[in-house]
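Below: one structure, written as structure tokens.
The values are calculated or read from the model by the stated rules, or taken from the named source; none is laboratory data. Quantities reported herein were computed from a predicted structural model and do not represent experimental measurements. All Cβ positions, glycine included, derive from the backbone under ideal geometry; neighbour counts span all protein chains shown.
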Amino acid sequence: MVAVENDVRLTCWLKNFSRWDGWLVALGGGIVLLGWLLGNEVLMRILPGLVAMNPFTALGFIVAGISLVCYWLAKSKSAHTWEVGRAMGCLLVIMGTLKLGGYFGIWHLHFDQMLFRAELQNDGTGFTNQIAPNTAFNFVLSGLALWFLHSPVHGFSRRSQNLSLALLFVSLVPLVGYIYQASFLYSIGTYIPMALHTAAFFFLLALGLLLAQTESGVVALFTSKTPGGAMARRLLPFALLVPILLGAATIWMDKARFQQGEFGVTILVVGSSAIFTGLIWWNAIVLNRADHQRRVAEEQLQKAHDNLELRVQERTAMLNDANAALLRSQRMESIGNLAGGIAHDLNNALTPVIMGTQLLKENNSEADRSKLLETISASANRGAAMVKHILTFARGSKGQNQQVPLSNLVKEIAKVIQDTFSKGIVINVNVGKELWNVSGNATELYQVLLNLCVNARDAMPQGGELTLTVKNLTLSEKRKSEFTDVPAGDYAVLSIADTGTGIPPEVRPKIFEPLFTTKAPDKGTGLGLSIVASIVERHNGYIQVHTETGKGTEFKIFLPAAKAVEMDKFKESGKALPVGHGELVLLMDDEATVRQLTQTALQNYGYRVLTATSGLDGMTTFDAHKDEIRILVSDTDMPVVNGIIAIRAIQKLKPEIPVIITSGVERDKEQLAGIDIRRLTILGKPYTLEQILNAVAKGLGSSVGPEQH
């Protein structure tokens, strides 16, 4: 049977009843014996003319009651009382069996005549008072039930419960016989009948035995909180009492000659039908109400569950935002640490541009002018790349992980720190060949490298060597002992080693704790290494630290390899730039220099160009020339009406027009909402002549977007 939740209060009440029931049965047997000792007819036979309880029957009830009490004492005191209770159960079986054997002629012991022999011979009922056959049978049932109840064997309690149910109904029959005054229900043939209080004590004993076992079987169902349990509690008492009471009323009216027998049977049938029909309807209504309440509770629970899920999602989103913010804050801290060097490097890149343009005005030599132009172009590209790289790092990349070539990251970070760190720090870069890629977020891995490099710089205030190494590592089970806590597998390994002061022993256990720092309050927040640890963990990687005080520190980052091998990108050179054939281009940009140079470049390569200084100006110009304009090139940040709003309006007028967005700031999908991205190319500023010409040619030739340049 499936385990169910029970009504605790009802279960406790029934157990208490069973516990006191044993004392009550034993006390009842003792009172009857006292009646025999005192010659008290009321105690022996209840009413004049009724059969007196045999003294040995009274002794049997004392034994049965004590056996039931032993069951409860064993639960709270010594387990040995179970053995006593089981022995008393055996004694009852022996007593009942011996008496039944006498009735069947097997033996004639007459042990029940040993006490009060004279009084037993003159009972006044026409019978010699002895244990009745049905009484002897009930002692066998009750003795077996008690023996199984006390048995340590698992599963015997079910047998005890079944025997108790049998005893309950067998003892109910003579009780009904006394109520109906039907002697054939409480006597067998010419043998002495069962006494009234004998039947009552057997009924009480059966109830006590049954209610002692509330953990399983019919009693567990009766006490359960299930609909079946509720129905059993409502119907069983009526099922037992109603037919008995209606039958008694029918017999009484028949004997009083209030009606004929047929009328009494009719009353019995109709009364039973009416009462049980009412009970069934009452239970149906109650169960229906309970089911409705259950469904309402389930709906409320589902709503609460949905609300909880929504709140969890919201809190998770807030936590994620607080984390894509903590990382950005820490990146800005890293950039702040490099700010002086970045400014120095940008100034170094701008100086050749400024001086070169002045020298161009004064120099008439074609060779010198060509050389100056190359220097200016290289310096400008260097500055643009630095700004773009810093912006990308500060914002962080979005989206899913991708294949990241670590050699590129190391070379980029080496270039940045070479330009920004003190010249007293020598930068060494060791990059292996045919390196494995890793799957991850390039910006976050860049942040790991930058944080560790900044820490290494701070550990070498007087200068030293900083070595960056990337290599492949296949870690077998045999080599695993060399790398503690790193499981076997294929890894791309990053190493950042310095010749600085090292990490003191008392500090080493805390270096990855958030907000822990040994730097001055204005020099660091203590987030650097904790961010490194969280990023590496998120990439399923491992960190090892080797440090010696006064000699330096090495951080090794083990990242699972994605196995795709890094290859140098093939660059085409000398390829002719695409030219136009008189197509009309609308160029929108509020920056005069950018607008004029782009216009000149497009015109020099075969395009006609209309220009606009704002989004509003661009929409007006487009409306006047919409049939001729073939492509739109637009900045995003412009006064009056920005470029994105203008592009949306223009695409409504001419949905098929290709669009090139030029911007110094990266735009996400939300910002580009409402723009047809199938005909969209995104070109970041600053852009080269080659990039703008290729973008326009692609836009006019095919519209598979969005393209990134």
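Filtering segment 130-168 down to residues that are over 49 Å from the mean Cα position of the chain (by Cα) and of a type in the set (G, A, S), which residue is surrounded by the fewest Cβ atoms within 10 Å (Cβ to Cβ)?
A166
Which of the residues spanning segment 441-490 are among the acidic types (D, E), at pLDDT 85 or above and closer than 18 Å to L559 by Cβ?
Listed by number, the list holds a single entry, D490.
Just checking, does segment 422-439 include any residue being within 17 Å of H539 (Cα to Cα), of a type in the set (G, A, S) and in contact (Cβ under 8 Å) with a residue 24 or more places away in the chain?
Yes - at least one qualifying residue is present in segment 422-439.
Please find, among L241, L268, the residue that is part of a helix (DSSP H, G or I), at pLDDT 65 or above and under 24 Å from Y178 (Cα atoms).
When all the criteria are applied, what remains is L241.
Counting only residues that are in contact with a Gly (Cβ under 7 Å, 6 or more places away or on another chain) and without any contact (Cβ under 8 Å) to a residue 60 or more places away in the chain, how many does segment 172-183 have?
1
Could you tell me which of the residues M114, M44, M53 is over 25 Å from Y178 (Cβ atoms), in contact (Cβ under 8 Å) with a residue 12 or more places away in the chain and of a type in the set (A, V, I, L, M)?
Step by step, each of M114, M44, M53 is checked, and only M114 is over 25 Å from Y178 (Cβ atoms), in contact (Cβ under 8 Å) with a residue 12 or more places away in the chain and of a type in the set (A, V, I, L, M).
What's the number of the only condition in (1) under 24 Å from R158 (Cα atoms); (2) loosely packed, with under 14 Cβ neighbours inside 10 Å that L47 fails to meet?
Status for L47: all satisfied but (1).
Among the residues in segment 79-91, are any modelled with pLDDT under 85, among the aliphatic types (A, V, I, L, M) and either over 30 Å from A230 (Cβ atoms) or assigned to a loop (DSSP other than H, G, I, E, B) (or both)?
Yes, segment 79-91 contains a residue that is modelled with pLDDT under 85, among the aliphatic types (A, V, I, L, M) and either over 30 Å from A230 (Cβ atoms) or assigned to a loop (DSSP other than H, G, I, E, B) (or both).
Among what's in segment 518-566 and is in contact with a helix residue (DSSP H, G or I) (Cβ under 8 Å, 6 or more places away or on another chain), of a type in the set (K, R) and farther than 25 Å from G440 by Cα, pick the residue that is modelled with the highest pLDDT.
Filtering segment 518-566 for residues that are in contact with a helix residue (DSSP H, G or I) (Cβ under 8 Å, 6 or more places away or on another chain), of a type in the set (K, R) and farther than 25 Å from G440 by Cα, the one modelled with the highest pLDDT comes out as K519.
Where in segment 95-208 are the helices (runs of 4 or more DSSP H), entirely inside, with at least 2 residues that are touching a strand residue (DSSP E or B) at 6+ places or on another chain (Cβ under 9 Å) and of a type in the set (D, E)?
none
This table checks each residue for (1) over 14 Å from A200 (Cα atoms); (2) at pLDDT below 95; (3) in the same structural domain as F148 (by TED's automatic domain parsing); (4) not in a loop (DSSP other than H, G, I, E, B).
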residue: A3; (1), (2), (3), (4): yes, yes, no, no
residue: L14; (1), (2), (3), (4): yes, yes, yes, yes
residue: D21; (1), (2), (3), (4): no, yes, yes, yes
residue: G35; (1), (2), (3), (4): yes, yes, yes, yes
residue: P48; (1), (2), (3), (4): yes, yes, yes, no
residue: M53; (1), (2), (3), (4): no, yes, yes, no
residue: F56; (1), (2), (3), (4): yes, yes, yes, yes
residue: F61; (1), (2), (3), (4): no, no, yes, yes
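Considering each residue of segment 615-641, count those that are surrounded by fewer than 18 Cβ atoms within 10 Å (Cβ to Cβ) and either within 14 Å of I675 (Cβ to Cβ) or within 48 Å of the chain's Cα centre (by Cα) (or both), and give that number.
Looking only at that region, the number is 1.
Answer yes or no as to whether I650 is under 51 Å from the mean Cα position of the chain (by Cα) and surrounded by fewer than 19 Cβ atoms within 10 Å (Cβ to Cβ).
When the stated conditions are applied, I650 does not pass them.
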